[in-house]
Each structure stands twice: as C-alpha cells, then as structure tokens.
Amino acid sequence: MADGRHGRARSLVNYPHYEVCEAHKLRLRGLTPEMRIPREKWFDHPFYRKQKQMCDYHVHFREEMLQVMVGIQGAHNLFLDAGGREEDEANRERARAGMMKSLRRTSSIFSKSMEVLNFHVTMEERYLFPEMQKISIIDLSFLYQDHKHLHEAEAKVTSALDVLLQHLLRTMTARSQEYLKQQRSQGQSDSKDDKGDRGDSDEDVKGGQMFLDLIACALEFDTVFMNHLGEEEEIVMPISLTNIIHL
Ligand SMILES: [Fe+2]
Ligand SMILES: [Fe+2]
C-alpha cells in the first residue's frame with residue numbers, strides 16, 4: 001500500500017500510476033499524428049474545456065477505491081487485535097466493534113461507488129462510445145470487453161465482503177451467546193479459560209483466511225480498475241481533444 005498507486009496521486013486528474021498492456025501499446029500506434037498528444041498536455045489543450053472530459057469523471061472512482069483499500073486494511077488490523085494481539089478482553093471487544101464498523105462502512109463505500117461505476121459504464125457503452133465510433137477509426141470494442149472483466153473482478157470483491165461480514169456476524173453472535181451462558185452459570189465454575197474469547201478458535205482461523213481472500217480480490221480489482229481507467233483515457237481523450245462529441 002506504500003507505492004504511488006495508493007498515495008495522494010489518486011486525487012489528481014493527471015493520475016500516472018497504472019500499467020498498460022502490450023495490446024494497448026499496439027492500439028496507440030493506430031492514433032493519427034494529431035491525436036498523439038502526451039498525457040501531460042491534455043489538460044492545457046484548447047479543446048479540454050470545450051466539452052466534458054472523461055478524466056474528470058474518473059477521479060472520484062480512484063479516491064473511493066483508495067478508501068476501500070484503507071478500510072479493509074484497517075479492519076484487518078482490528079481483526080488481529082480482536083483475535084489475541086490485544087491482551088485485555090475489553091480492548092479485544094472494542095477492536096471487534098471497530099472492525100465491524102469499519103467493514104460495514106467500507107462495504108457501503110464500495111457498493112455506492114460500484115453503483116455509480118455501473119451507471120458510468122452504461123453511459124459509455126450506450127452513448128459515448130457509439131458516438132465516438134462514428135467519427136473515429138479507432139476501434140473501441142476492447143473497452144466493452146474490459147468492462148466485462150471489470151464487472152467480474154468487482155463481483156469477486158462484493159462476494160468476499162459479503163461472505164466475511166456474514167461470517168464475522170455469526171462468530172460474534174456465537175461469542176455473545178457463550179458469554180451469556182457463562183454469566184448464567186456464574187459461580188458454578190470459574191475455571192473456564194478465555195481461549196475462545198482470545199479468538200484462536202477455528203472460526204477465527206476461517207475469518208482470517210476470509211480476510212486474506214478479500215484483500216487479494218480487492219487488490220486484483222483495484223489493479224484491473226486503475227489500468228482500465230488509464231487505458232480508456234489514453235484512447236478516449238485523443239478523440240475528444242480533436243473532435244466535438246455530440247451527446
Ligand atoms: Fe470511463
Ligand atoms: Fe470504462
């Protein structure tokens with residue numbers, strides 16, 4: 001999480017931390033000489049302010065994905081605290097509560113962002129790309145395929161978040177029931193150690209694996225997403241800087 005891809009650069013409209021594939025490098029060779037405008041020159045180009053530009057619409061997606069990644073990382077840290085890194089049970093309980101709050105908030109940011117992304121993609125596929133295809137010889141069909149891959153990677157994150165949240169909720173409910181049972185039988189025996197409460201049960205091991213799965217899915221989606229936004233801009237911007245797009 002320390003590289004530039006996850007830093008402050010996400011709020012910049014001129015976001016540089018993405019990687020393009022070999023097929024994309026070949027595509028760029030198809031741009032006409034007048035379309036070969038270096039990325040850093042797009043924003044001062046006389047056409048940039050003449051119409052709405054896609055770059056401006058992509059900034060908040062990058063920022064929201066950063067929030068999601070930071071939220072997952074923070075929740076995972078609290079999961080480790082709740083699972084025994086904290087010595088004191090009261091602190092472990094606070095960590096559990098914080099973890100659930102952070103994960104729910106993260107899940108909400110992700111789902112709202114994906115809702116807007118789906119709308120953005122629909123607008124591109126139904127209106128923008130067909131319009132651009134009328135005025136440019138550049139083949140935009142790869143973008144439809146990219147959107148499909150993007151949705152597949154997005155679905156994996158949504159599923160991993162749902163599975164983890166359900167599991168944690170189940171585990172916490174079981175822990176609460178166990179606690180109530182102990183309270184009721186108080187006096188009968190004080191000998192029960194807090195092994196279960198320390199979080200090293202099978203359920204916590206499962207939860208740990210689910211967290212790792214979620215982190216892997218989120219990292220994969222973030223990479224696919226950042227690369228898609230970058231490649232899309234490199235193809236769409238030269239068209240919209242050299243033509244008026246009628247939408
Ligand atoms: Fe886009
Ligand atoms: Fe797109």
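A residue that is closer than 22 Å to residue 167 by Cβ and acidic (Asp, Glu) occurs somewhere in the stretch 90-108. Looking at the stretch 127-152 only, could you name the residues that are within 12 Å of ligand 2 (Cβ to nearest atom) and either farther than 16 Å from residue 30 by Cα or without any contact (Cβ under 8 Å) to a residue 12 or more places away in the chain (or both)? Of everything in the stretch 127-152, those that are within 12 Å of ligand 2 (Cβ to nearest atom) and either farther than 16 Å from residue 30 by Cα or without any contact (Cβ under 8 Å) to a residue 12 or more places away in the chain (or both) turn out to be 128, 129, 144, 145, 146, 147, 148, 149, 150, 151. Within the stretch 32-53, the presence of a residue that is within 19 Å of residue 224 (Cα to Cα) and assigned to a helix (DSSP H, G or I) is excluded.
From the list 8, 36, the lone residue that is surrounded by fewer than 16 Cβ atoms within 10 Å (Cβ to Cβ), over 23 Å from residue 159 (Cα atoms) and at pLDDT below 95 is 8. Within the stretch 84-123, restricting attention to residues that are within 16 Å of ligand 1 (Cβ to nearest atom) and touching a helix residue (DSSP H, G or I) at 6+ places or on another chain (Cβ under 7 Å), the residue that is nearest to residue 153 (Cα to Cα) is 114.
Determine, yes or no, whether residue 101 is within 16 Å of ligand 2 (Cβ to nearest atom), assigned to a helix (DSSP H, G or I) and charged (D, E, K, R). Criteria not met by residue 101.
At negative phi and touching a Phe, Trp or Tyr at 6+ places or on another chain (Cβ under 9 Å): is that true of residue 43 in this structure? It is false that residue 43 is at negative phi and touching a Phe, Trp or Tyr at 6+ places or on another chain (Cβ under 9 Å). Residue-level analysis places residue 233 among those that are within 13 Å of ligand 1 (Cβ to nearest atom) and either in a helix (DSSP H, G or I) or closer than 30 Å to residue 79 by Cα (or both). Does residue 26 count as surrounded by 14 or more Cβ atoms within 10 Å (Cβ to Cβ) and outside any loop (DSSP other than H, G, I, E, B)? Considered against the rule, which asks whether it is surrounded by 14 or more Cβ atoms within 10 Å (Cβ to Cβ) and outside any loop (DSSP other than H, G, I, E, B), residue 26 comes out as no. Looking across 180, 161, 169, one residue alone is modelled with pLDDT of 95 or more and part of a helix (DSSP H, G or I). It is 161. Looking across the stretch 205-233, not a single residue is within 11 Å of ligand 2 (Cβ to nearest atom) and modelled with pLDDT under 95.
The values are calculated or read from the model by the stated rules, or taken from the named source; none is laboratory data. Worth saying up front: this structure is predicted, and the values here are computed from it rather than measured. Note that each Cβ is placed from the backbone with ideal geometry, even for glycine, and that neighbours are counted across all protein chains shown.
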